[in-house]
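> This is the structure, below, for whatever I ask next.
The values are calculated or read from the model by the stated rules, or taken from the named source; none is laboratory data. What you see is a predicted model, and the numbers here were worked out from it, not measured in a lab. Note: ideal-geometry Cβ built from the backbone for every residue, glycine included; neighbour counts use all protein chains shown.
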Amino acid sequence: MKTFRIAIAIIGVAMLITLLPSNAKADEWDKKTIVTFDQPVEIAGMVLAAGTYVFRRASSIDSNVVQISGNDQKHVYATLLTIPDYRMNPADKTVITLEERANGSPRAIKSWFYPGDTAGEEFVYTSPGKTINEIGALQTQIAELRDAQTRQVERLDAVNQRAQEGLAEANQAAMAAKAANQMATAADRMSANADRRAEAAQFNAQAALNRIGTAAEQIESRIANMDKYRLADQATVSLHSTRMRSASKT
């Protein structure tokens, strides 16, 4: 039979819900509500006989723990872990949602909404066979997640390895570029020194040429003067000889 929900207000055909006057305030943390069922209803793990019960939150810290006790609140029938449930519009009366069960089983309490609340408590049901199947499915999912995690770790390791290799190559390239830059700087210095040496050599060569030219001029000048000195000596000697001959005759 297809499962469906039926919302029941304070007075319904299948059940009767009443509230104690002192617990009608929606700002009380335990949401205490007295509920009367005119037929058996199912909760997780057991069936409640027709009668009056007290629904309340069992903890002020965890709102998703519901305690169901008898009308005298001396006997606790169940303490159940619920999950949040929501409705679009709040009701001014307690609302309980039921689910039908197959094979004539009692209807099950699906959710409970306190007056004025849009957030309520949804009751969770699992059968033993379903639980085993769910555990098997969860184990399969866990194994798949672990495999996926292992593959992801391997991919991350591979990416990290490639990143390390790329970093090493980049460092090597940077070192090579630095060495090339140093070599280029040294070559520029050597070229500048060679240019300065060439300029100095050219200057020295020009100075040597200038000195050679000056020396040549001086030598040429001396040679010219030596020629003049020779002529003068010859003339003097000739004149002296003539005078000596004239004296002899006298």
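> Select from the range 101-124 the residues that are assigned to a loop (DSSP other than H, G, I, E, B) and surrounded by fewer than 16 Cβ atoms within 10 Å (Cβ to Cβ) and list them in ascending order.
R101, A102, N103, G104, S105, G116, T118, V124
Conditions tested, residue by residue: (1) aliphatic (A, V, I, L, M); (2) modelled with pLDDT of 90 or more; (3) surrounded by fewer than 14 Cβ atoms within 10 Å (Cβ to Cβ).
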{"residue": "T3", "(1), (2), (3)": "no, no, yes"}
{"residue": "I10", "(1), (2), (3)": "yes, no, no"}
{"residue": "M15", "(1), (2), (3)": "yes, no, no"}
{"residue": "A26", "(1), (2), (3)": "yes, no, yes"}
{"residue": "V41", "(1), (2), (3)": "yes, yes, no"}
{"residue": "G45", "(1), (2), (3)": "no, no, yes"}
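> Among the residues in the range 84-96, are any surrounded by 11 or more Cβ atoms within 10 Å (Cβ to Cβ), among the acidic types (D, E), in contact (Cβ under 8 Å) with a residue 12 or more places away in the chain and closer than 16 Å to E122 by Cβ?
Yes, the range 84-96 contains a residue that is surrounded by 11 or more Cβ atoms within 10 Å (Cβ to Cβ), among the acidic types (D, E), in contact (Cβ under 8 Å) with a residue 12 or more places away in the chain and closer than 16 Å to E122 by Cβ.
> OK, next. Could we say that D62 is modelled with pLDDT under 85 and assigned by TED's automatic domain parsing to the domain that holds F113 here?
yes
> Next question. Could you look through the range 60-92, keep only residues that are in a loop (DSSP other than H, G, I, E, B) and in contact with a Phe, Trp or Tyr (Cβ under 9 Å, 6 or more places away or on another chain), and pick out the one that is nearest to T33 (Cα to Cα)?
Only one residue tops the list, namely N71.
> How many residues does the range 66-83 contain that are exposed (fewer than 15 other Cβ atoms within 10 Å of the Cβ) and either aliphatic (A, V, I, L, M) or within 21 Å of G45 (Cβ to Cβ) (or both)?
9
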